[in-house]
Amino acid sequence: MMKFDDTQVAFSDKSNLDLRRMYFLFVTMNNPTIAKFGIWMTVFALKIKLPIQWMIKKTIFAQFCGGESLEDSRGTVEKLAASNIHTILDYSVEGEESEKVFDDNRDEIIRSLEMAANSENIPTGVMKLTGFTAFDLLERKQSGEVLSTEENTKYAAFLARVDQICAKAVEVKKYLFIDAEESWIQDVIDQVVYDMMEKYNKQTVYIFNTYQMYRTSSLQNLKDAHRHSLNKGYKVGAKLVRGAYMEKERDRAKEEDYTDPIQPDKRSSDADYDAAVVYCLEHIDEIYLCAGTHNENSSRLTAEKMETLGIAKNDPKVYFAQLYGMSDNLSYTLANEGYNVAKYVPYGPVAKVLPYLMRRAEENTSIAGQSSREFLLVKKEVARRKKIKA
């Protein structure tokens, strides 16, 4: 049975300075009161223009981001590659909406794919569709509202941007992961992604949709997508995650008085996640899988099911993925065993990726056991190195 607690493997490329930074961050996030106060203070300090970006860059940015630009991220790509870990470059600038920004975001994703074309260490690109059109436009589209002439023009421009990026991924022969978002825009996102799959995933898979398994409907949606692809003659790319919008989803369902789309408990989410993994692996010639998880049990299940089905560890149809700066015990152990592993490596100017960084801090604080597990692993490795030195 694969073990994920060998910290010598997990932190093999981390210097003592890296470990001290990680120790400080995770011990902070392990205390919800201190963590929330720190997040508030950071946002407030930036709002009143205190010069603290250097401090952010040296701490939380260094932990969770690869650099401020594509070029700046090359060192991170090379460092991960030395441990047999691939990189997914994720342009994590959020919150800006204008047609110019949407065009700029498209151009940046295309540049990241062009960089990937020249590197065997970057097997895939990634994009979030709300980076290419206004959130409220997608919401109106899903709700069935009649769009104005101007809105239809903007929606057509959005579809063109998405298609241009997908075409580039196919041109450079790289996977393209399309992130999941809130349920009240996810249906329209799904339709766009399936249209791209039907266009580009005929012989092999390039385009991946993301399924948030903490939603009660996701397992069935995956199976329906598979059946639809068989009828239409294309293959499915499925990135499985547990999800990232639980509190927002539940609050909205309560406020607007509709059925909560989120699983009743973690056990249900885990069960559907694992069932989805098994379903994909059992149909691996028709569904390529990216198992995006920080869960040891799901990672072990995926590896064991691959062995049972005779799927090679390095089969390009199966990837494991974790966020950069988190769950190194999974990533480095799996890579060390010969599995395809990729880290999501966000990049962008410090001030512009701050929403992403604050979300990482909040999620580590709110997810039961997440920051504790990270902290205990770092603490164990610090103790191991001190013992060797002594």
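General remarks:
- Alpha-carbon Debye profile of the chain, log10 I(q)/I(0) at 0.12, 0.13, 0.14 Å⁻¹: -0.98, -1.17, -1.39
- Contact order relative to length of region 100-188, as percent, for alpha carbon pairs under 8 angstrom and 6 or more apart: 43 percent
- The listed peptides 2-13, 208-219, ordered by packing as a protection proxy, come out as 208-219, 2-13 (highest mean of other Cβ atoms within 10 Å first).
- When shorter helices are ignored and each DSSP H run of at least 4 residues is given -39500 (n - 2.57), the per-residue value for the chain at 222 nm works out to -18000 deg cm²/dmol.
- Of all DSSP beta bridges in the chain, antiparallel share, percent nearest 5: 5 percent
- Here the relative contact order of the chain, from alpha carbon pairs under 8 Å that lie six or more residues apart, stands at 25 percent.
- With each label modelled as a point 7 angstrom along the Cα→C-beta vector, the residue 275-residue 72 pair spans 4.4 nm.
- Accessible area per residue, Å², the chain with all protein chains present, probe 1.4 Å: 46 Å²
- For a label point 7 Å along the Cα-to-beta-carbon line of residue 17, residues of region 320-361 with backbone N under 19 Å: 325
- Rg/Rg_ref, region 80-128, where Rg_ref = 2.2 N^0.38 Å and atoms are Cα: 1.31
- At least 30 Å along the helix axis (C-alpha) and Kyte average at least -0.5, DSSP helices within the chain: 149-171
- Of all the options 356, 206, 344, the one that moves most in a Gaussian network model of the chain with Cα springs shorter than 10 angstrom is 356.
- Contour excess over end-to-end distance, with Cα ends at residue 118 and residue 309 and 0.36 nm allotted per residue: 65.5 nm
- Accessible heavy-atom area order of 54, 184, highest first, probe of 1.4 Å: 54, 184
- When 115, 55 are compared by accessible area at a 1.4 angstrom probe, the order from most to least is 55, 115.
- Rounded percent of accessible protein surface that carbon and sulfur make up, the chain, 1.4 Å probe: 53 percent
- In this simple spin-label approximation, residue 148 and residue 337 carry label points 7 Å from Cα along the Cα→Cβ vector, and these lie 5.6 nm apart.
- For residue 90, the amide hydrogen comes within under 5 Å of the amide hydrogens of 345, 347, counting only partners 5 or more places away or on other chains and with H modelled in the peptide plane.
- Contour minus Cα-Cα distance for residue 98 and residue 227 (0.36 nm per residue): 42.7 nm
- Residues with amide H under 5 Å from that of residue 68, placed H, sequence gap 5 or more: 348
- Ranked by how many other beta carbons lie within 10 Å on average, peptides 336-342, 122-128 from highest: 122-128, 336-342
- When peptides 262-273, 165-176 are sorted by average Cβ neighbour count within 10 Å, with the highest value leading, the order is 165-176, 262-273.
- For residue 323, distant residues with modelled amide H under 5 Å away: 344
- Applying a threshold of 25 Å to the alpha-carbon distances of 3/343; 128/248; 305/380 flags 305/380 as lying beyond it.
- The accessible-area ordering, largest first, of the residues 204, 259 stands as 259, 204, per a 1.4 angstrom probe.
- Across 302, 76, 149, mean-square fluctuation computed from a Gaussian network of the chain (C-alpha pairs under 10 Å connected) peaks at 149.
- Measuring r between the beta carbons of residue 107 and residue 358 and using R0 = 41 Å, the FRET efficiency lands at 0.95.
- Near-label residues of region 2-19 by backbone N, under 14 Å of a point 7 Å along Cα→Cβ of residue 57: none
- For region 166-209, relative contact order (Cα pairs under 8 Å, six or more residues apart, normalised by length) works out to 51 percent.
The values are calculated or read from the model by the stated rules, or taken from the named source; none is laboratory data. In this text, all values refer to a predicted model and were calculated from it rather than measured experimentally. So basically every Cβ, Gly included, is an ideal-geometry build from the backbone, and we count neighbours across all protein chains shown. The accessibility values were calculated without ligands, DNA or RNA, using every heavy atom of the protein model including side chains. Shrake-Rupley method; radii C 1.70, N 1.55, O 1.52, S 1.80 Å.
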